[in-house]
Amino acid sequence: MGISINVDLSGVDRLRARMDAAPLELANAIFAATVKATDATAESIRGVTPVRTGRLASSIVSTVTKTPDGARGRISTNLRYARFVERGTREHGRAQLMFERGVKAEEPNIAEFYRSAIDSVVVTLR
């Protein structure tokens with residue numbers, strides 16, 4: 001004597017379409033989170049940068065590029081003396097560590113940017 005069980009799944013096609021779209025949606029969400037994280041961190045770095053003329057703080061820029069793995073954010077300055085202010089010298093005084101302190105201050109926010117990005121994709125799969 002055999003038992004037969006039939007299961008009818010409704011909505012499988014819709015779920016499959018959403019799952020197929022998820023990698024692209026996730027990549028877009030990660031890129032957007034990287035933009036937010038990079039911009040927020042650059043702003044934080046500017047906020048702790050010492051100011052004499054304001055030139056150093058205003059030279060700090062952020063860029064985000066797409067990569068095969070997702071996105072890469074970069075915060076930089078083109079001023080040669082920035083590294084001396086960051087790490088300190090006799091001429092520029094003690095190390096200011098503005099890049100280091102700015103990144104550290106934003107770490108909790110950065111984690112939340114990515115958590116929210118991932119959650120937003122998961123919600124669309126429901």
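The values are calculated or read from the model by the stated rules, or taken from the named source; none is laboratory data. Just so you know, these numbers come straight off a predicted model, no measurement behind them. Heads up, the Cβs are rebuilt from the backbone with ideal geometry, glycines too, and the neighbour counts pull from every protein chain shown.
When the residues of the stretch 41-91 are filtered to those that are part of a loop (DSSP other than H, G, I, E, B) and closer than 23 Å to residue 108 by Cα, which remaining residue is modelled with the lowest pLDDT? Full working, then the answer.
Looking only at the stretch 41-91, we keep the residues that are part of a loop (DSSP other than H, G, I, E, B), and these are 49-54, 60, 68-69, 77-81, 88, 90-91.
Now drop any that are not closer than 23 Å to residue 108 by Cα, which leaves 49, 60, 69.
Numbers: 49: 95, 60: 95, 69: 71.
It comes out as 69.
Condition (residue is touching a Lys or Arg at 6+ places or on another chain (Cβ under 7 Å), of a type in the set (S, T, N, Q) and not in a helix (DSSP H, G or I)) applied to the stretch 94-109: is it met by at least one residue? Full working, then the answer.
At the first step, the residues of the stretch 94-109 found to be touching a Lys or Arg at 6+ places or on another chain (Cβ under 7 Å) are 95.
So of that shortlist, the ones also of a type in the set (S, T, N, Q) come out as none.
There is no residue in the stretch 94-109 that is touching a Lys or Arg at 6+ places or on another chain (Cβ under 7 Å), of a type in the set (S, T, N, Q) and not in a helix (DSSP H, G or I).
Does the stretch 44-65 hold any residues that are in contact (Cβ under 8 Å) with a residue 40 or more places away in the chain and surrounded by 14 or more Cβ atoms within 10 Å (Cβ to Cβ), and which are they?
44, 45, 46, 48, 49
Against the definition (more than 14 Å from residue 50 (Cβ to Cβ), at pLDDT 90 or above and among the basic types (Lys, Arg)), how does residue 101 come out, yes or no?
Details: more than 14 Å from residue 50 (Cβ to Cβ): no; at pLDDT 90 or above: yes; among the basic types (Lys, Arg): yes.
So residue 101 does not fit the description; no.
Would you tally the residues in the stretch 85-126 being of a type in the set (Val, Ile, Thr) and in contact (Cβ under 8 Å) with a residue 12 or more places away in the chain? Write out each step before concluding.
Of the residues in the stretch 85-126, the ones of a type in the set (Val, Ile, Thr) are 85, 89, 103, 110, 118, 121-124.
Still in the running and in contact (Cβ under 8 Å) with a residue 12 or more places away in the chain: 85, 103, 110, 118, 121, 124.
Number satisfying all stated conditions: 6.
Out of all the residues in the stretch 59-80, is one or more closer than 30 Å to residue 13 by Cα and not small (Gly, Ala, Ser)?
Yes, the stretch 59-80 has at least one match.
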